[in-house]
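All remarks here apply to the structure that follows.
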Amino acid sequence: MSPTPERKQSLSFTKPYYESDLVVVVRKNSKYANAKSINDFKGAKITGQQSTLHYNVIDQMKGVAKQEAMKNFPSMVVALSSGKIDGYVSERPGAMAAVASNPELKFVSFEGENGFTYEKSELDIAIGVKKGNEELVGKIDKILDEITPEQRTEIMNSAIKNQPKTDEVGEKTFFAWVAFFVKNNWKGFLTGTWNTLFISLTGTIVGFIIGLGVTLVKNIHTDERTPKLKKIILKIANTIFSVYVTVFRGTPMIVQSMVIYYGLADILKFSPMGAALFIVSINTGAYMCEIIRGGIDSIDKGQFEAAEALGMTHFQMMSSIIFPQMFRVILPSIGNEFIINIKDTSVLNVISVTELFYTSNAIAGTYLRYYEVFIITSVIYFFLTFTLTAILKYIEKKIDGPQNFEFLEEVSEENSQNVEISGGRA
């Protein structure tokens, strides 16, 4: 990345290893394809990469319609190819790679005063490392010194030529692309699907256990006979649990992922997968608390009183009487939470978890074909949710026990007959 003053506040940088210039990528058949100056784009919808010099210099282009910044170059290429934008600002190597992969595109370069104004150092490319790790910076600089400028150019050109070409598919039809991606990337889709299911299922189960434990503690009854120390401990615990539930239900999982994985990196030494399991579990636990609380509230209060009258402990009452009834009531909500987790794992791509969305995004970014890839992804998500919904409904029916309803109908009919007979005898 470019060692800008803002980035230097958070990172240490090596010596620059590549210098570039700024160009504008457009479609070959665009009216802007023959532009000679940055001021020849009047009326064009232009964008650039978020939080970079590329986006800031758009202000120098007179008369353009500056669009919202985009996250990465593949997204901009797709937007350009589909006509959502007329062009985007890029460094030359990135533009060369985009054109190599997409023959319908070209980039416009500028000479002298016709181009953008910026400090040359702002386009220097260096390697960023953890702030203060000068030892690593020195080692990398030593290696970079051994690579001549000619070798660096050769490496860059080789990398550009190595970009996947759109003509690898042959006939460029929708179904040809879909078949190509299924044939060549089925292992990636399978791995992403498995990770999505694993994270969702584990997170739902652990979240249920967390929610159950928290709710059991919050429902412990106290009275004048309860020891004071126990009351204090329960009050502190209930306050902590209430804050936990409020915070994790009141903030998006994507924000929680960023805070936990990056913000607490020095405390919680998580791998991406470990962080994913932790995040989904505690997020689900917060929702499960409310689901279980609602299930408990649905149980008749007389059963609580009867259990206490029999001298049952709080744990005995909850495990033997309340929980079995509550579980049937909340089972649809638990299943719904599982389905939601399958879809919500997609936000974990921000911490590089190789779930289905991350895998799909990587494939789409490689070939710059988002529509076809995410059609496949949509089918996979739909298959997962549809199948699991059917399985959960089957389990619910099994727990309901249709035979029980038949038995009750028979008993009801028999009782009605007895009432009639009794009435006749009377």
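The values are calculated or read from the model by the stated rules, or taken from the named source; none is laboratory data. Since we're looking at a predicted model, the values are computed, not measured. Neighbour counts run over all protein chains shown; Cβ positions are idealised from the backbone, glycine included. With ligands, DNA and RNA removed, areas are computed over all heavy atoms of the protein, side chains included. Shrake-Rupley method; radii C 1.70, N 1.55, O 1.52, S 1.80 Å.
Residues checked against (1) closer than 29 Å to Ala179 by Cβ; (2) surrounded by fewer than 23 Cβ atoms within 10 Å (Cβ to Cβ):
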site	(1), (2)
Leu331	no, yes
Ile340	no, yes
Thr354	yes, yes
Phe357	yes, yes
Ser360	yes, no
Open item on the list: Looking at the structure I just gave you, is Leu80 surrounded by fewer than 20 Cβ atoms within 10 Å (Cβ to Cβ) and assigned to a helix (DSSP H, G or I)?
Closed with: no
- [ ] With the condition kept exactly as written, say whether any residue in segment 109-123 is without any contact (Cβ under 8 Å) to a residue 60 or more places away in the chain, over 16 Å from Gly365 (Cα atoms) and either open to solvent by less than 60 Å² (accessible area, probe 1.4 Å) or in a strand (DSSP E or B) (or both).
- [x] no
Task: Residues that are among the hydroxyl-bearing types (Ser, Thr, Tyr) and part of a loop (DSSP other than H, G, I, E, B), drawn from segment 335-353 - done: Ser352
Task: Count of residues meeting criterion [within 18 Å of Ser2 (Cβ to Cβ) and in a strand (DSSP E or B)] in segment 30-77 - done: 2
Task: Search result, residues across segment 124-142 that are surrounded by 14 or more Cβ atoms within 10 Å (Cβ to Cβ), modelled with pLDDT of 90 or more and in a strand (DSSP E or B) - done: Gly128, Val129
TODO: Please tell me if Glu154 is assigned to a helix (DSSP H, G or I), open to solvent by 60 Å² or more (accessible area, probe 1.4 Å) and either of a type in the set (Phe, Trp, Tyr) or closer than 25 Å to Asn39 by Cα (or both).
DONE: no
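Pick from Ala100, Ala95: which is open to solvent by less than 10 Å² (accessible area, probe 1.4 Å), outside any strand (DSSP E or B) and among the hydrophobic types (A, V, I, L, M, F, W, C)?
Details: Ala100 fails: open to solvent by less than 10 Å² (accessible area, probe 1.4 Å).
On inspection, the qualifying residue turns out to be Ala95.
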Task: Test result for Thr377, closer than 25 Å to Met326 by Cα and at pLDDT 90 or above - done: no
Open item on the list: Which of the numbered conditions does Ser121 fail, given that it passes all the others? Conditions: (1) within 31 Å of the chain's Cα centre (by Cα); (2) under 27 Å from Ser10 (Cα atoms); (3) of a type in the set (Gly, Ala, Ser); (4) modelled with pLDDT under 85.
Closed with: (1)
Open item on the list: Tell me whether segment 378-387 contains one or more residues that are open to solvent by less than 40 Å² (accessible area, probe 1.4 Å), touching a residue at least 40 places away in the same chain (Cβ under 8 Å) and of a type outside the set (S, T, N, Q).
Closed with: yes
Task: Breaking point among (1) open to solvent by 30 Å² or more (accessible area, probe 1.4 Å); (2) of a type in the set (Val, Ile, Thr); (3) touching a helix residue (DSSP H, G or I) at 6+ places or on another chain (Cβ under 7 Å); (4) under 30 Å from Ala44 (Cβ atoms), for Val182 - done: (4)
